[in-house]
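The values are calculated or read from the model by the stated rules, or taken from the named source; none is laboratory data. Computed from a predicted model, the values in this text were never measured in an experiment. Neighbour counts run over all protein chains shown; Cβ positions are idealised from the backbone, glycine included. Ligands, DNA and RNA are excluded from the accessible area calculation, which covers all protein heavy atoms including side chains. Shrake-Rupley method; radii C 1.70, N 1.55, O 1.52, S 1.80 Å.
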Amino acid sequence: QVQLVESGGGLVQAGGSLRLSCAASGSIFSINVMGWYRQAPGKQRELVAVFTSGGSTNYADSMKGRFTISRDNAKNTVYLQMNSLKPEDTAVYYCRLVRYEYDYWGQGTQVTVSS
């Protein structure tokens with residue numbers, strides 16, 4: 001069982017930045033997918049940015065150039081640096097880890113971008 005704990009959310013003005021962290025209770029060295037998704041009110045959960053097996057990254061088109069995913073294997077932590085935030089980035093941001101047939105989600109952290 002892996003526990004994921006997100007932190008770093010909050011209220012920020014449009015154009016500002018936030019850095020989210022996702023700390024895993026176990027190693028993140030060997031994963032199939034690990035990264036960030038988000039869900040805005042009344043909308044489906046969507047991919048933001050993830051690492052895939054082999055270390056490749058995958059970003060949603062609307063986040064490319066503004067968001068950067070990174071990881072620290074020694075700390076079992078994945079980060080999401082979010083720059084140039086827009087009101088439409090307002091959502092609950094979730095961390096996800098997939099390893100083999102196991103699929104883990106964090107509890108989410110709220111990001112609110114004011115105009």
- Message: Can you find a residue that is assigned to a strand (DSSP E or B) and closer than 23 Å to Ser114 by Cα anywhere in segment 50-65?
- Response: no
- Message: Checking Gly42 against (1) within 30 Å of Ser115 (Cβ to Cβ); (2) touching a strand residue (DSSP E or B) at 6+ places or on another chain (Cβ under 8 Å); (3) surrounded by fewer than 17 Cβ atoms within 10 Å (Cβ to Cβ): exactly one of these is not met. Which one?
- Response: (2)
- Within segment 48-68, the count of residues that are open to solvent by less than 50 Å² (accessible area, probe 1.4 Å) and charged (D, E, K, R) comes to 1
- Query: Of the residues that make up segment 50-67, is at least one under 20 Å from Gln107 (Cα atoms), without any contact (Cβ under 8 Å) to a residue 40 or more places away in the chain and touching a strand residue (DSSP E or B) at 6+ places or on another chain (Cβ under 6 Å)?
  - Reply: yes
- If you take the residues in segment 69-108 that are open to solvent by 10 Å² or more (accessible area, probe 1.4 Å), touching a Gly at 6+ places or on another chain (Cβ under 7 Å) and assigned to a loop (DSSP other than H, G, I, E, B), which one is modelled with the highest pLDDT? Ser84
- Message: Tally up the residues in segment 19-37 that are under 13 Å from the mean Cα position of the chain (by Cα) and open to solvent by 20 Å² or more (accessible area, probe 1.4 Å), please.
- Response: 5
